[in-house]
Structures are given as structure tokens and as C-alpha cells.
């Protein structure tokens, strides 16, 4: 891990070094807010014995549960499909920046000549046997019968 030596910009981004510097204090707009955040983090780090000159990058942010995001997305998509609205009604602009044709999205076509029941497919899957059935035929069979 590299550390900052007198804010050597070969070790860190110039923008981060500019916010970290003690020679300029930003007083307006986003840079002031970001600099205040970084200085606050450095104060906390120093208080617990970390040399602030050795901090390469730090950031605080909140996250949302991946499950919450997936559930919200599934609800939105399900509602669109139920309403019969084309996906382009909702997935446009920055959600579809390359303007991809979404007409065939979520269409599912199965070839009935090669389609097999789920239990048959997983019984033939070596990875299912290995990782879920512990390479044991009885355990694999028990798992399949519960699906």
C-alpha cells in the first residue's frame, strides 16, 4: 500500500490531494463539503492513532440492501408487464443510455423438444451433485425430491 508523502500526486489523485491539503481551504460549493468530510475523517483517524499523511483515500457512503434493490426492481418490472406497458416507457434516458430495443426483453421461449423438467436437469448437473449434494447420491436425491 502506498502512502502519501507531502501529498505526492504520484501516489494519489490530484483532486484528492487538493481536498486533503492544508494550504487551501475551500469555502463554497461541493469542494468545501468534500474537504470538510475528508478533514473530519482525518481528525477521527488521528484521534485513534492513525497518521493522516498515510491515508491514501477514504470515503463514507451509505448503501441500500441488495435485496431491497432487487425487490424494488422486480416489483417495477412485474407491474410493467402486468400493465402491458412497453419497457421503454420506464427504461429510458439514463436507464437506457444506448436506446437499446427492449421489445424482446422478458420474452421467454422454450424449445419443447429439448426442455426437461427441473428435477431431471439438476439430477444431471455435476455441480449440483458436487456442491449441494456433497458428491453423495442419496443426499443429492433427497435435495431433488424437496425441490
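The rows are residues; the columns are (1) outside any loop (DSSP other than H, G, I, E, B); (2) more than 30 Å from residue 18 (Cβ to Cβ); (3) at pLDDT 85 or above; (4) not assigned by TED's automatic domain parsing to the domain that holds residue 18.
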position: 36; (1), (2), (3), (4): yes, no, yes, no
position: 44; (1), (2), (3), (4): yes, no, yes, no
position: 79; (1), (2), (3), (4): yes, yes, no, yes
position: 119; (1), (2), (3), (4): yes, yes, yes, yes
position: 129; (1), (2), (3), (4): yes, yes, yes, yes
position: 140; (1), (2), (3), (4): yes, yes, yes, yes
position: 143; (1), (2), (3), (4): yes, yes, yes, yes
task = Scan the stretch 9-29 for residues that are touching a helix residue (DSSP H, G or I) at 6+ places or on another chain (Cβ under 8 Å), at pLDDT below 85 and over 16 Å from residue 41 (Cβ atoms) and report the count.
result = 1
request  = Take residue 57 and decide whether it is within 30 Å of residue 19 (Cβ to Cβ), at pLDDT below 80 and surrounded by 10 or more Cβ atoms within 10 Å (Cβ to Cβ).
outcome  = yes
task = Specify the residue that is surrounded by the most Cβ atoms within 10 Å (Cβ to Cβ); the eligible residues are those in the stretch 84-94 that are out of contact with any helix residue (DSSP H, G or I) (no Cβ under 9 Å at 6 or more places or on another chain) and either in contact (Cβ under 8 Å) with a residue 12 or more places away in the chain or more than 18 Å from residue 104 (Cβ to Cβ) (or both).
result = 88
message = When you scan the stretch 106-114, do you find a residue that is in a helix (DSSP H, G or I) and touching a residue at least 12 places away in the same chain (Cβ under 8 Å), even just one?
response = no
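The values are calculated or read from the model by the stated rules, or taken from the named source; none is laboratory data. Because the structure is a prediction, the values reported are computed rather than measured. Cβ coordinates were reconstructed from backbone atoms using ideal geometry, including for glycine residues, and neighbour counts include every protein chain displayed.
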